[in-house]
Structures are given as structure tokens and as C-alpha cells.
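Let me begin by presenting the structure, written as C-alpha cells, before commenting on it.
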Amino acid sequence: MSTSSQHTFSSVLSVNPYKDNYYKSISSFISQTSSPEFSKDQFVISYLNTKEFITAQIEISKNIPDEDLFDALNSKAYDDLALDQAIEYKIQYIESFSNLDEENRYFHAFIVDPLEMTDRFMSAVDKVKYIDVIIPAPLLYKSLYSKDIIDSNGVHCFIYFQENDASITIYSDKEFVYTKSIKYSYVDMHERFCELYGERIDYQSFIDFFQHESLKETDSEYKEFFIKLYKELFANINDILTYAKRAFDIEKFEYAYVGSQLESVTKLDEMLEVELHLKTKEFEFDYGFESETNTYVEQYHALMNLYTTVNHNEKYNCNFTVYRRPPKFIKRESGKLIILSAASFALAFAYPITYWVLTYAQSLQEDLLKQKYIEIHNIKITREATIKNRMADKEKATKLLAQENKEYTDKKNTLTKIHEVKVNYPMKAKLLALLTQDLNKFDVRMQNVEYFENEKSKTFTFDLASSKDRKVTQLIEYMTKKHENVFKFELESIKYDEDFKKYLSQLKVSIL
């Protein structure tokens, strides 16, 4: 099994760093292993969840030469995304060729905080020592096209659910376009389900129902609330796909592939197709692997093992690993020195000419070693002094690091709150247009509209005018039924204005 130009490996070990589980594949067989360990003949691959990195499209001039491209992209990413200059982010890029711009090049940037990545992979590195590839999860799907498992050139959407993340990734004409993490991981869905249910249930009970109960057949009291949960999920997916169509000029999605870290009886792909009128398929592909135990193989593990069988071009070379294995012995400096020394001794013993020649060679070698000793001794003294200074610097840096970590945590919490507001902030214009359509159906005119928002509520206030009071009451009855569980409507009174010969009222619409 060849996965590199420098190494040939007999097996592949895929790592899920979020659940600390491992799958090992040998030839065409794959199985989960509970006791992974280091092996020099083993290729190790892992991935980063979508919520673990920042992704953005970077535009840069075609006049910049390739040797300066990486520095220019880094500088542009820090400026465009307002990244903290004090943090040395790990940034990788893949070029996008979908924009036919004669003056600029476009790149998808993947940006990772190195401290978070170190914490994430600590457990795996303790066990297997090296990780050859750490790839952003959305790029794993590229292997499905490279191996012609998906051979059509349409626009495809991949929706995948895990315990700690859920994501939507879009490919068009077999090329990566867009990815987004959504707040519907198993953990997030459990929290939302408990809110809808009105009572906190055990997480494992929630997972058991998700895996083993079919919503079509079950009579469980959970059924109604799971349906509400899925409707919210599908509405969120629909908003993202609507945005993607507009942002990337997409006419339609050929298929949406729906996958899950856990095997489930309920077919989310079928429900999604009914709700969004979108062609869907299960996330099941012929990866070319067989499970030795005939058990369910997590799909990201299958994709990671598939990734190692593909010769990816430089365009999709997006490797975040910092846990690289050392080069082969003959390519290390120490290895070259040992081989050179061994060759020197072999050459010396191959020419037993005379005693004086051997004596001269030994004297020369001794002089060289003495000179080398003097050089090494000077280096030793210098390094000892340097280490002493570095230890003093380390103590200062440790105190500074503790202060920086506190500042970083404060900034992170602030950014998290900002992100929550941006993601969850309802689109007022869209909601206003939706409600206005209902007003027009009943010939009710809107004289004024106001919007009020605080931490607990978001409310529209409409001043309405109608020729008949019945039109207003019919409107309220219609809107209450149509927008159940989405809006709350309040109408205190309807008054008749003698001057304008109109019925006037004030309608309050609260967003639930």
C-alpha cells in the first residue's frame, strides 16, 4: 500500500480525535481497533471537523509570483479576516478555478488555531507517535470524485451528522465550493430535544431512540418532539442551501447525500427529500473495503481510508499535521555520518598496504577527531549558556502565557457570542416580506411597522387599516394557523375611525 513518494506502508490507521476511536485497514479489509499502537509500516490519517477551523475565500492578484504567493495569502488572510496578529495560525489553501477572472486568483483558505489542534490530537499522538495527514473534513469528499465513485458533474450537497459537529459541504463539477458547520450535532440535537420535550432525558436514551426507533412505526411519546426537531433542522438546512444558491450562482442541487456517524433506522434522507423537495441519497458508497466483522463502519473513517488510496494533486494538498515522522535513516544527517564512517573504515581495511600507511591514517584521523572535539566542546559550552538563558526566558514566558491565555479566553467568548448572534439572528426582511404577503391576501393595509428586540424577545408591531373589521379577524385566524410554533400574534382591539372610515388596529408579532 503506497501512500507517499517516500514510504511504502502495509496498513492504514484512521483516527477520529473527537471520540478517540480508530479503524485499521489492511488490503481491502477494515475493522475498528481498541488498542492502536505505533508501527513504522503504518500510515496514519486524521481530520479536522468543520467547526474546528475558519474557512474563507481569498482573492489575490495574478501578478504575484508563485514564490511569494504563500506570504501574500497569509498577509491577506490576516487583514481580510481581522485575525489576531499575536497568534501564529496554521493556514492552508486550495485554489479555486471556478472564477474566470483575468486579473485575480481565488483560494479557499482553511485557518486553524495551533493550540486547539495540539490539545485535540494529544491522546492520539501519545499512542501512535506520528500522524502523516490531518485534513479538513470537507476535503475528504474529493476522493469520491477522484475514484469515480461519484461520476456526475452536477452540484452535490453532503450533509453529515456527528456527536460533536454537523456540517454541510457543497461540491460543484467535482470541485469544493463551500462548507458550513451547523448546530445540529447529536449533542446539540439532544439539548434542543429536551427544550421541546420540556423535560431533560438521558443522552443515551436520546441516542438509542435515534438509532433504533423508526418514526414511521413507533408509538413513543418522543415521536412528536423528534418530528419538531427534524423540521427545525430541515428549515436550517434549507436556509443554508438558499444562501448557497444565491452566493455561488447555483441553479439546482443534483443530489444531497445524508450521512451519520451512527447507524439509524429512521431515514433522514427520505424525510429531507419530502420536506425540501430535493433529491437525496443515503451516504452509502462502495469504498472498496469490507468490514471484517460485518459491523457498521463510520463513514468518515471509510473516507479517510479511501483518501489514502488516491494520488491527490498539489491543488488538494491541504495537510495540517505537525506530527511528521522522521525521514529514512539514510536521509538523516546522523545516518549519513554513520554510513560515511562505516565506509571509511571498510576502505581503510581494504588497503593493508604497509604499516606506515596505517599509522599515518590513524594519526590523521586522531587529528581530525581532536579538531572535531574542540569544535563540539565549544558548541557544548555555548549551548549550555543558551539553555540557561532560555530557562530564564521560559519562566518569564510561562507567566506571560498564562496572562495571554486569559485574554485569549475572553476574546474567544466574545467572538462566540458575536457568532451566535450572526448565526441565529432572524432575517427581518424575509420575515417582513412573508407577513406582508398574508396581509395582502385579506386586503389589510399596513400603515406603519416597528421592530423591537432585546435578550428575551424579537417583536414586529404592525399598524393595520381595513375597510371591514372581519377582514382583520380572518387575517389573524389564518396567520395563527399558518405560522404555528413560528410566531405569536397579539391583537388587543379594533377601532373604527370616523374621519378615515377605516377599522384601525395594532398587531404584535413575536418571533418564537
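The numbers here are math on the coordinates, done by the rules we state, and not lab data. Computed from a predicted model, the values in this text were never measured in an experiment. When we count neighbours, we look across all protein chains shown, and the Cβ atoms used for this are built from the backbone with ideal geometry, even at glycine.
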How are the Cα pair distances of the stretch 29-180 distributed, in percent, across 10 Å bins from 0? 9, 31, 35, 20, 4, 0
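Among bridges DSSP assigns within the chain, what percent are antiparallel (round to 5)?
75 percent
So, with +1 on the Cβ of K and R and -1 on the Cβ of D and E, and no other charges, what is the size of the charge dipole of the stretch 352-423 about its Cα centre, to the nearest 20 debye? Show your work: numbers first, answer last.
Values: 14 positive and 10 negative charges, 90 e Å.
In debye, rounded to 20, the stretch 352-423 gives about 440.
Quick one: dipole size for the stretch 444-512, taken about the Cα centre, charges +1 on Lys/Arg Cβ and -1 on Asp/Glu Cβ, in debye to the nearest 20. All intermediate terms of the calculation are to be shown ahead of the outcome.
On the way: 13 positive and 12 negative charges, 67 e Å.
Charge dipole, the stretch 444-512, about its Cα centre: 320 debye, nearest 20.
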The computed P(r) of the stretch 352-423 puts the percent of Cα pairs beyond 18 Å at 71 percent
Give me the extension gain from E263 to K412: residue separation times 0.36 nm, minus the current Cα-Cα distance, reported in nm with one decimal. 50.2 nm
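When ranked by the protection proxy of mean other Cβ atoms within 10 Å per residue, highest first, what sequence do the peptides 297-308, 47-58 form? Could you put the intermediate results ahead of the total?
Working: 297-308: 23.1, 47-58: 19.4.
My ranking of the peptides, most packed first, is 297-308, 47-58.
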Starting from the coordinates of the alpha-carbon atoms of the stretch 226-311, obtain the Kirkwood hydrodynamic radius over all distinct pairs and give the value in Å to one decimal. 15.0 Å
Angle check, please: helix 223-247 long axis (alpha carbons) against the longest principal axis of the chain (alpha carbons), in degrees 0 to 90, nearest 10. 70 degrees
Starting from the Kirkwood radius over alpha-carbon pairs of the chain, derive D by Stokes-Einstein at 25 °C in a medium of 0.890 mPa s and give it in µm² s⁻¹. 87 µm²/s
Cα extents of the stretch 151-284 per principal axis, largest first, Å, are 44, 24, 22
Unit charges at the beta carbon, dipole of the stretch 352-423: most positive-side option, L368, L401, N378: L401
Out of all Cα-Cα pairs in the stretch 2-87, roughly what percent, to the nearest whole number, are more than 22 Å apart? 54 percent
Taking the chain as the reference, fit the longest principal axis to its C-alpha atoms, fit the long axis of helix 428-441 to the helix C-alpha atoms, and give the angle between the two in degrees, 0 to 90, nearest 10. 30 degrees
Centroid-to-centroid separation of the stretch 259-277 and the stretch 108-142 [C-alpha atoms, Å]: 29 Å
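For a quick protection proxy, order the peptides 366-378, 172-184 by their average other-Cβ count within 10 Å, most packed first. It would help to have the intermediate numbers written out before the result.
Values: 366-378: 10.2, 172-184: 19.0.
Packing order, densest peptide first, comes out as 172-184, 366-378.
For the chain, what is the calculated [θ] at 222 nm in deg cm²/dmol (nearest 500), taking -39500 (n - 2.57) for each run of four or more DSSP H residues and dividing by its residue count?
On the way: 12 runs with 213 residues, N = 512.
Value at 222 nm, helices only, nearest 500: -14000 deg cm²/dmol.
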Residues of type lysines that K481 reaches as a straight line, Cα spacing below 22 Å, ignoring anything fewer than 8 places off in the same chain: K223, K228, K231, K428, K430, K441, K458, K468, K471, K508
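Sort the following peptides by mean Cβ neighbour count (other Cβ atoms within 10 Å, averaged over residues), highest first: 480-487, 134-141. If you can, show how the numbers build up before the last one.
Details: 480-487: 12.6, 134-141: 24.2.
Packing proxy ranking, top to bottom: 134-141, 480-487.
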Tell me the relative contact order for the stretch 359-512 as a rounded percent, counting alpha carbon contacts under 8 Å between residues six or more apart. 16 percent
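Just subtract the alpha-carbon distance of E366 and D68 from 0.36 nm times their residue separation and send over the number in nm, one decimal. Show your work: numbers first, answer last.
On the way: separation 298, 0.36 × 298 = 107.28 nm, distance 4.79 nm.
Here the answer is 102.5 nm.
Report the gain in length on full extension from L512 to E275: 0.36 nm times residue separation, minus Cα-Cα distance, nm rounded to one decimal.
Numbers: separation 237, 0.36 × 237 = 85.32 nm, distance 2.08 nm.
Result for the pair: 83.2 nm of gain on full extension.
In the calculated pair distance distribution of the stretch 118-223, what percentage of Cα-Cα distances lie above 17 Å? The partial results should precede the final answer.
Numbers: 3789 of 5565 pairs.
Distances greater than 17 Å cover 68 percent of the Cα pairs.
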In whole angstrom, how long is each semi-axis of the equivalent ellipsoid of the stretch 366-512, when you take the square root of 5 times every eigenvalue of its Cα gyration tensor and sort them from largest down? 76, 15, 11
Using bins 5 angstrom wide from zero, how does P(r) for the stretch 428-511 break down, in % of all Cα pairs? 3, 14, 28, 27, 16, 8, 3, 1
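Based on the alpha-carbon gyration tensor of the stretch 201-266, what equivalent-ellipsoid semi-axes (square roots of 5 times the eigenvalues) come out, in whole Å, largest first? Mind dumping the intermediate values first?
On the way: eigenvalues 176, 33, 23 Å².
Result for the stretch 201-266: semi-axes of 30, 13, 11 Å.
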Given a Förster distance of 60 Å, the FRET efficiency implied by the Cβ-Cβ spacing of H377 and F489, rounded to the nearest 0.05, works out to 0.10
